[in-house]
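What follows is one structure encoded as structure tokens, with my remarks underneath.
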Amino acid sequence: MEVPDVDFPVGTGFSFANSNSYSKNVTQVSQQFLLFLDKFFEIFPEYTDDDMYLSGESYAGTFIPYMASSILKRNGVRKTAENKKYNLKGISIGNGWIDPVSQGLLVGEDKNTAENQLEKCMNELKKKPAIHLDICEQILQTILKHSKNKVGENETCINQYDIRDHSDTYPSCGFRWPYELSTITEYLRRSDVIGAIHAEQQQIGWVECNLGVGRDFDNDPNPPSITLLPDLLKQIDVLLYNGDQDLICNINGMQDMLDNLEWNGYKGFKNLTELSYYVNNTQVGHILAERNLTYVVVYNASHMVPYDAPLTSMDMMYRFIGLDHHLVNKWPSAIGIEENEVPDSNEENWDKYYNVGTFTLIIVIGGLLGLGAFVIRNKLRKRRNTSQAMKAAVVDESGEMEELVIETPLFQSDEVDHFGDSEPEDDNNASSSSSRIRERNQGSRYQDEDDVRDERMRLRPSDDR
């Protein structure tokens, strides 16, 4: 399994551009993604004809359907040197922001808390559904404010990404979660790491959030990505999965979206019988699946399902891309009445596993909003067949990868300390949501914590959730 990492859209992570080169809407993002694919497969043509799956979480729920739609539209045009075709087989979205109308709905106490704002939001969405509306995104802040609880000298609040956690201080409310994130910036600024991934041309240092990239999407005129799903489901498989402990993209909104979605001749799931999902002899969730759409609810998982349930996430992805879980798993796994077994540990079976030959292309959106393109190599070109295939080639030609760098001037942004003169962090300012992404030697300084909070609350592509 090979995992090239690409920061996307331009301006996030190690990628860079001048301030006029950021994407302004999802249409531009889709075209840039097609350009990346073209460039990538020019360098690695051996992967061009392989099956491909796009996968991501959170705001990638907006990006991925648009990207997939662009690929399929191009595939419908006569193949030329300029119009290359790619074998897109499916998309996978975890805790995705897909449908503001359904996902903006509230239930129970939350509904009572923000009822006036909710009514105004729904009225605006009825006029014209949009990806971003300020009045709708203020609702979450009202709920978080209502959850405040005085603990000693601090006010704690609910974690908007994991409702089990009430330990973060207001107004952070989850921005510093997962709490291991504080080590990521330090690691990605190490000179040996930068050299190993050939990111020397980006000289301002890796940052968790680029506010400039996010702001440019505020006026995106395109409709929500939910409008693209019916057509996509006619052509490819779609996996939607949700952790049941998420607030910001919760299972109530996702279920309402699916109940009202019309695809392949029917509205919602015809068969509402939930199939129990077992991993390691423990029920980890339940599944609904029909007409090319699979919906998985993962128990005891947050906004970031792979963070809380890595084994389940791996098993789920193996199943989605058509790998025989009996062949590749070292753990027992079953859905419904499926036999719950693990493959024998003999050498022959594991040789088959290592020769499945999966090549994975991971594209990271804005830090942690991952978009992955899973390219499955199958020597016999039989989809969903785990017969012998070529092993993915281990590519160690760093010079070729450098051709993918977009060489545009470094932007002079007011979010970035270009000269390495950042002032030391105030140790008493523990509640700052930007504290973990500052560095004394080089990097980004947010001028106002409220700007950071507002920007990240919107699930912008430069966000990390």
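Going through segment 17-60 one residue at a time, which ones are among the hydrophobic types (A, V, I, L, M, F, W, C), more than 19 Å from the chain's Cα centre (by Cα) and at pLDDT 80 or above? First the steps, then the outcome.
Within segment 17-60, the first condition is being among the hydrophobic types (A, V, I, L, M, F, W, C), and the residues that meet it are 17, 26, 29, 33-37, 40-41, 43-44, 52, 54, 60.
From what's left, more than 19 Å from the chain's Cα centre (by Cα): 17, 35, 40-41, 43-44.
The answer is Leu35, Phe40, Phe41, Ile43, Phe44.
What do you reckon, is Leu229 touching a strand residue (DSSP E or B) at 6+ places or on another chain (Cβ under 7 Å), assigned to a helix (DSSP H, G or I) and of a type in the set (A, V, I, L, M, F, W, C)? Steps first, please.
On the way: touching a strand residue (DSSP E or B) at 6+ places or on another chain (Cβ under 7 Å): yes; assigned to a helix (DSSP H, G or I): yes; of a type in the set (A, V, I, L, M, F, W, C): yes.
Taking the combined requirement at face value, the residue satisfies it.
Tell me the residue from Asn95, Asn83, Asn75 that is touching a Ser or Thr at 6+ places or on another chain (Cβ under 9 Å) and either at pLDDT 90 or above or more than 20 Å from Met257 (Cα to Cα) (or both), please.
Working: Asn83 fails: touching a Ser or Thr at 6+ places or on another chain (Cβ under 9 Å); Asn75 fails: touching a Ser or Thr at 6+ places or on another chain (Cβ under 9 Å).
Exactly one residue qualifies, and that residue is Asn95.
Any chance you could count how many residues in segment 187-202 are free of Cβ contacts under 8 Å to residues at least 12 places away in the same chain and not in a helix (DSSP H, G or I)?
Here the count works out to 2.
Any idea which residue in segment 75-92 is surrounded by the fewest Cβ atoms within 10 Å (Cβ to Cβ), counting only those that are touching a residue at least 40 places away in the same chain (Cβ under 8 Å) and of a type in the set (A, V, I, L, M)? Walk me through how you get there before you give the answer.
In the first step, residues of segment 75-92 are kept if they are touching a residue at least 40 places away in the same chain (Cβ under 8 Å); the result is 84, 86, 88-92.
Subsequent filtering for residues that are of a type in the set (A, V, I, L, M) retains 88, 91.
Details: Leu88: 23, Ile91: 31.
Checking each candidate, the answer is Leu88.
Please determine, by comparing only the residues of segment 147-162 that are part of a strand (DSSP E or B) and not basic (Lys, Arg), which one is nearest to Cys173 (Cα to Cα). Reasoning before the result, please.
The initial filter retains those residues of segment 147-162 that are part of a strand (DSSP E or B), namely 149-151, 154-156, 159, 162.
If we keep only those that are not basic (Lys, Arg) too, we end up with 149, 151, 154-156, 159, 162.
Working: Asn149: 11, Val151: 14, Asn154: 12, Glu155: 10, Thr156: 8, Asn159: 5, Asp162: 10 Å.
Here the residue is Asn159.
Going by what's in this entry, would Tyr187 be described as modelled with pLDDT under 95 and surrounded by fewer than 16 Cβ atoms within 10 Å (Cβ to Cβ)?
When the stated conditions are applied, Tyr187 passes them.
Each row is one residue, and each column tells you yes or no for (1) at positive phi; (2) of a type in the set (Gly, Ala, Ser); (3) part of a helix (DSSP H, G or I).
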position	(1), (2), (3)
Asn112	no, no, yes
Leu118	no, no, yes
Cys121	no, no, yes
Lys126	no, no, yes
Leu140	no, no, yes
Lys145	no, no, yes
His166	no, no, no
Ser182	no, yes, yes
Thr185	no, no, yes
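If I filter segment 112-120 for residues that are surrounded by fewer than 20 Cβ atoms within 10 Å (Cβ to Cβ), free of Cβ contacts under 8 Å to residues at least 24 places away in the same chain, touching a helix residue (DSSP H, G or I) at 6+ places or on another chain (Cβ under 7 Å) and not hydrophobic (A, V, I, L, M, F, W, C), do I get at least one hit?
Yes, segment 112-120 contains a residue that is surrounded by fewer than 20 Cβ atoms within 10 Å (Cβ to Cβ), free of Cβ contacts under 8 Å to residues at least 24 places away in the same chain, touching a helix residue (DSSP H, G or I) at 6+ places or on another chain (Cβ under 7 Å) and not hydrophobic (A, V, I, L, M, F, W, C).
Out of (1) closer than 27 Å to Asp315 by Cβ; (2) in contact with a Lys or Arg (Cβ under 8 Å, 6 or more places away or on another chain), what's the single condition that is false for Leu247?
(2)
Given the conditions (1) at pLDDT below 85; (2) in contact with a His (Cβ under 8 Å, 6 or more places away or on another chain), report the number of the one that Gln202 does not fulfil.
(2)
Of all residues in segment 7-55, which are on the phi > 0 side of the Ramachandran plot and touching a strand residue (DSSP E or B) at 6+ places or on another chain (Cβ under 7 Å)? I'd like the intermediate steps shown before the answer.
Here is the first cut: in segment 7-55, the ones on the phi > 0 side of the Ramachandran plot are 11, 13.
Correct list: Gly13 only.
The values are calculated or read from the model by the stated rules, or taken from the named source; none is laboratory data. From a predicted model like this one, the values you see are computed outputs, not experimental measurements. Backbone-built Cβ (ideal geometry, glycine too); neighbour counts: all protein chains shown.
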